[in-house]
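Enquirer: Have a look at the structure that comes next, please.
Laboratory data are not the source of any read-out in this text; all were calculated from the coordinates shown. If you're wondering where the values come from, they're calculated on a predicted model, not measured in any experiment. Glycine gets a Cβ as well: all are built from the backbone with ideal geometry, and neighbour counts include every protein chain shown.
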Amino acid sequence: MKKIAYIICLINLALLLLVPLTAWLLSVLNFDVVNLVSEEGIRWLFSHGGKALLSYQLTMVVFLLSAVGVLQEYGLAKDIASKHLHKRAFYVSSAFFSICFILLLLPTVIPQNALLGVTGSLLPSPWMMGFPLALCLNVIVSGIIYASIKGTLNGFMDIPRMITIGISKYSIWIVDVMMITLIVRLIKFCLL
């Protein structure tokens, strides 16, 4: 899986070079595109480049990698693979996860909810934007509960390590998402 991430990273690097070069070449040929080397392009790059890197997609990937790390390194995924489930920890963390999941789904059935869209629809709505993040957070907290009841948590200070282990292990995906969002915004600005 990491090899795929590294290949994607190399492709992204090539695209980061190719998009500005293509925009420059098309602007020289008098096509209606924005040249990134022009005043307008440099101004956009400095004022919007950082915003392109810090996106919702990046936040999603960080939360997702954190949840994957919690499940893989400290808890449930390892125990299911080795068939040594700690029943009490599993039941308590599953109950917590289920209650939180039901509470997360509750806004979809309540009419005139503030988390639904302006038209009252589910798509697009604030609930749809926040649901994946809340679900990842639910997995992280459930994993912490499982590890603490099971006894694999070595203390309160082990929680930050538990949360960040997936981020450090799969950090190449964070770089990939940052570059992809920048490339997409560059293409939208220059070519569209």
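Enquirer: Report, as a whole number in µm² per second, the diffusion coefficient that Stokes-Einstein gives for the stretch 108-192 at 10 °C and 1.306 mPa s using the Kirkwood radius over alpha carbon pairs. Provide the component values of the computation, followed by the final result.
Expert: Details: Rh = 16.5 Å.
Result for D is 96 µm²/s.
Enquirer: Follow-up. What is the angle, in °, between the Cα long axis of helix 126-150 and the longest principal axis of the Cα atoms in the chain? Nearest 10 is fine, range 0 to 90.
Expert: The angle comes out at about 40 degrees.
Enquirer: Moving on. Grab the Cα-Cα distance for LEU104 and THR22, subtract it from 0.36 nm times how many residues apart they are, and report the gain in nm with one decimal.
Expert: Numbers: separation 82, 0.36 × 82 = 29.52 nm, distance 4.51 nm.
Result: 25.0 nm gained on full extension.
Enquirer: Taking the Cβ-Cβ separation of ILE172 and LYS78 as r and a Förster radius of 25 Å, what is the calculated FRET efficiency to the nearest 0.05?
Expert: Working: r = 22 Å, r/R0 = 0.90.
That pair, ILE172 with LYS78, gives E of 0.65.
Enquirer: Determine, from the Cβ-Cβ distance of ILE11 and SER94 and an R0 of 45 Å, the FRET efficiency 1/(1 + (r/R0)^6), rounded to the nearest 0.05. Can you show the working numbers first?
Expert: On the way: r = 40 Å, r/R0 = 0.89.
Efficiency computed from Cβ-Cβ geometry: 0.65.
Enquirer: Please turn the phi angles of the stretch 85-92 into ³J(HN,Hα) values with the Karplus equation 6.51 cos²θ - 1.76 cosθ + 1.60 (θ = phi - 60°), one per residue in order, whole Hz, x for glycine and proline.
Expert: In residue order, the calculated couplings are 6, 7, 4, 4, 5, 5, 5, 5 Hz.
Enquirer: Which label belongs to the value computed from this structure, given these candidates for Rg and Dmax of the Cα atoms in Å: (i) 21.8, 69; (ii) 17.1, 54; (iii) 18.5, 64?
Expert: Given (i) 21.8, 69; (ii) 17.1, 54; (iii) 18.5, 64, the calculated one carries the label (i).
Enquirer: Something else: Would you check the chain for Lys pairs whose C-alpha atoms are within less than 23 Å, ignoring same-chain pairs closer than 8 in sequence, and give me the count?
Expert: Lysine pairs meeting both conditions in the chain amount to 10.
Enquirer: What is the distance, in nm, between label points placed 7 Å from the Cα along the Cα-to-Cβ direction at LEU137 and at ASP158?
Expert: For the pair LEU137/ASP158, the computed spacing is 2.5 nm.
Enquirer: Would you mind computing, in nm to one decimal, how far apart the modelled labels at GLU40 and LYS3 are, each placed 7 Å from Cα along Cα→Cβ?
Expert: The answer from the label model is 4.5 nm.
Enquirer: Applying a 10 Å radius around every beta-carbon, put 137-145, 163-171, 26-34 in order of their mean neighbour count, most first. Don't skip to the answer; put the middle values down first.
Expert: Values: 137-145: 20.6, 163-171: 16.8, 26-34: 12.4.
Packing proxy ranking, top to bottom: 137-145, 163-171, 26-34.
Enquirer: Hey, can you rank 67-74, 93-100 by average C-beta count inside 10 Å, highest first? Spell out each step's value before the answer.
Expert: Numbers: 67-74: 21.0, 93-100: 15.6.
Result, highest mean first: 67-74, 93-100.
Enquirer: Output needed for the stretch 68-109: three equivalent-ellipsoid semi-axes, defined as square roots of 5 times the C-alpha gyration tensor eigenvalues, in descending order, whole Å. List each step's numbers first, then the result.
Expert: Details: eigenvalues 124, 29, 10 Å².
Working through the eigenvalues yields semi-axes of 25, 12, 7 Å.
Enquirer: Tell me which residues come under 5 Å, amide H to amide H, from SER38 once H is placed; ignore anything under 5 positions away on its chain.
Expert: Here nothing satisfies the definition.
Enquirer: Relative to the compact-globule scaling 2.2 N^0.38 Å, provide the ratio for the alpha-carbon radius of gyration of the stretch 24-118.
Expert: On the way: Rg = 23.9 Å, N = 95, 2.2 N^0.38 = 12.4 Å.
Relative to the rule-of-thumb radius for its length, the stretch 24-118 sits at 1.93.
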